[in-house]
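The values are calculated or read from the model by the stated rules, or taken from the named source; none is laboratory data. Predicted model only: the values in this text are computed from it and were never measured. Neighbour counts are summed over all protein chains in view; Cβ atoms, including those assigned to glycine, are modelled from backbone coordinates with ideal geometry. With ligands, DNA and RNA removed, areas are computed over all heavy atoms of the protein, side chains included. Shrake-Rupley method; radii C 1.70, N 1.55, O 1.52, S 1.80 Å.
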Amino acid sequence: MKIIVAGTGFVGLTHAAILSESGHEVYAYDIDKTKIAAYNSGKREKIERYVNEPGLASVIAETLNRYLFFVGQNGIEEVIEGTEAIFLCLPTPPNLDGSTNLSYYTNAVKYLGGLLAKRQDQRRVVLVNKSTVPIGTARMLQEILNEQQVPNFGVASNPEFLPEGDAVEKSRRPDRLVLGADTEEDFRILRNTYSQFVNHVRIAYIETTPETAEAIKYVANTLLLTYISFWNGVGARLGETFDNLRMEDLKRGVTSDVRISTWGSYVSNGAGGSCFGKDIQSLIYQLRRKSQAYSLLQDVYDINEYQKTYLVDRAVNEAGFNFNNKTIALLGLSFKKRTNDMRDSSSLKVVEALLGRGVKAIQTYDPLATEEAKHFFDPGKNNLFEKISYCDNVADAIRNSDALFITTDWEEFRGVAGTIEKLVKPPYLVMDGRRMIANYDYLLEKGYSYLAVGSKLMTPE
Ligand SMILES: NC(=O)c1ccc[n+]([C@@H]2O[C@H](COP(=O)([O-])OP(=O)(O)OC[C@H]3O[C@@H](n4cnc5c(N)ncnc54)[C@H](O)[C@@H]3O)[C@@H](O)[C@H]2O)c1
């Protein structure tokens with residue numbers, strides 16, 4: 001099949017690569033020309049500057065210019081003839097009121113509609129929303145394309161569920177495939193696109209309406225965040241309040257019930273990433289606009305935001321730590337391990353809180369996200385960002401610091417106790433946003449203080 005993918009960020013690039021791997025002729029385009037040039041180079045380091053996902057650069061190198069073609073927006077005009085499906089993998093950021101900014105969508109669809117209206121070959125073409133879009137968006141696209149008098153087209157919703165850090169693996173073996181369309185003709189095109197998944201025993205294959213498909217994505221994401229916020233809002237609070245309460249035993253005791261998920265049963269300094277926050281805000285807005293109750297979702301969102309920085313406040317209130325003029329080691333910048341993505345990462349809020357409390361310097365280390373972080377913490381935007389330095393390893397971040405904050409769950413941070421002992425003398429405060437340090441009692445023995453999500457402050461005897 002000839003397929004166009006509009007937008008080559010995390011979702012679009014992965015989707016285009018995986019489709020090309022199964023033998024479709026895929027034309028991926030983006031309005032960002034620098035991305036297209038990087039992908040066209042086929043070079044791992046250039047591709048990973050934009051999307052750093054295990055295995056993705058290899059798939060691209062394998063299929064580039066055979067099944068997979070990257071073109072600028074103008075190049076699409078030449079390949080539109082004969083295209084059967086166009087996947088829209090575009091940004092859907094939040095507006096200030098929580099609603100979804102659909103301007104990228106409407107711009108892209110108007111552009112594509114103009115080309116589709118002039119096609120010679122008038123075979124059926126389906127425009128498929130892969131982005132997370134409010135319920136009713138496919139219908140809106142239909143109206144735009146009808147206004148442009150595009151002949152013989154359908155609209156569909158095929159939400160993406162891939163987790164960052166595991167994008168290639170999960171795209172090759174998704175746990176579900178959700179297709180929302182209106183006609184058998186459109187379903188047939190989508191089934192051809194995904195023929196390897198349609199009758200797969202381990203993949204839930206769901207054909208439904210576009211509106212239901214759109215809703216599935218929002219409900220799934222907000223439910224995941226609800227579960228995370230439950231553990232943070234209830235589990236962590238219990239562990240921080242009652243003496244002698246062991247968080248790990250609490251989790252095992254509760255999640256040994258098969259009805260209760262182990263996934264998400266951790267306590268942390270909040271969940272970040274480009275999706276959870278914006279999706280729950282969008283669903284709140286969608287319900288509010290229809291005068292429906294949304295207080296549960298609002299609480300879930302608020303708890304998650306609160307978690308991101310409350311350890312900084314606890315350090316002041318419980319440990320009596322004065323951040324003013326101190327040097328803080330910050331381990332982790334990406335929103336979770338195995339990605340360089342920093343969108344909505346807890347580290348952004350932690351840095352803001354630390355700078356707000358007058359620290360002298362923040363020495364950061366992240367195995368992947370340093371280059372990305374430099375864009376977020378551009379001193380040109382805010383001169384306080386000059387206080388941030390980027391280290392090549394954990395030891396350099398810790399050396400000469402007065403306290404440590406762990407924001408991301410990179411595995412290598414688990415063993416940090418030994419590095420602390422070697423490089424910094426107590427009194428020294430370790431703030432653990434991920435409960436990563438299993439041998440914290442060793443730290444206590446050596447005279448360091450330990451403040452973790454889900455536990456009371458621990459100080460040396
Ligand atoms: N990132 C994830 O893990 C993930 C997972 C599931 C769903 N989603 C959803 O998928 C959507 C895309 O997310 P993403 O992370 O890939 O976003 P992204 O910002 O990384 O990528 C979007 C791309 O679209 C391009 N673009 C913007 N306007 C365009 C236009 N008119 N024509 C062509 N290209 C255009 C941008 O330049 C950018 O490269 C969002 O709705 C998101 O919620 C994301």
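The test for being within 16 Å of the ligand (Cβ to nearest atom), without any contact (Cβ under 8 Å) to a residue 40 or more places away in the chain, open to solvent by less than 20 Å² (accessible area, probe 1.4 Å) and aliphatic (A, V, I, L, M) does not hold for L102.
Counting the residues of region 63-78 that are buried (at least 17 other Cβ atoms within 10 Å of the Cβ) and either part of a loop (DSSP other than H, G, I, E, B) or in contact (Cβ under 8 Å) with a residue 60 or more places away in the chain (or both) gives 3. Taking L355, is it of a type in the set (A, V, I, L, M), without any contact (Cβ under 8 Å) to a residue 60 or more places away in the chain, touching a helix residue (DSSP H, G or I) at 6+ places or on another chain (Cβ under 7 Å) and open to solvent by 60 Å² or more (accessible area, probe 1.4 Å)? No: the conditions fail for L355. Against the test of being outside the structural domain of A61 (by TED's automatic domain parsing) and either within 13 Å of the ligand (Cβ to nearest atom) or within 23 Å of the chain's Cα centre (by Cα) (or both), the options E164, E214 yield a single qualifying residue, E214.
Residues that are of a type in the set (D, E, K, R), in contact with a Pro (Cβ under 8 Å, 6 or more places away or on another chain) and under 25 Å from L19 (Cβ atoms) are absent from region 195-212. The set of residues in region 430-461 being open to solvent by 10 Å² or more (accessible area, probe 1.4 Å), in a strand (DSSP E or B) and hydrophobic (A, V, I, L, M, F, W, C) consists of M458 alone.
On inspection, K33 passes the criterion of being within 15 Å of the ligand (Cβ to nearest atom), open to solvent by 20 Å² or more (accessible area, probe 1.4 Å) and either modelled with pLDDT under 95 or not assigned by TED's automatic domain parsing to the domain that holds M342 (or both).
Taking the conditions (1) part of a loop (DSSP other than H, G, I, E, B); (2) without any contact (Cβ under 8 Å) to a residue 40 or more places away in the chain; (3) within 16 Å of the ligand (Cβ to nearest atom); (4) crowded, with 20+ Cβ neighbours inside 10 Å in turn, P159 satisfies each one other than (2).
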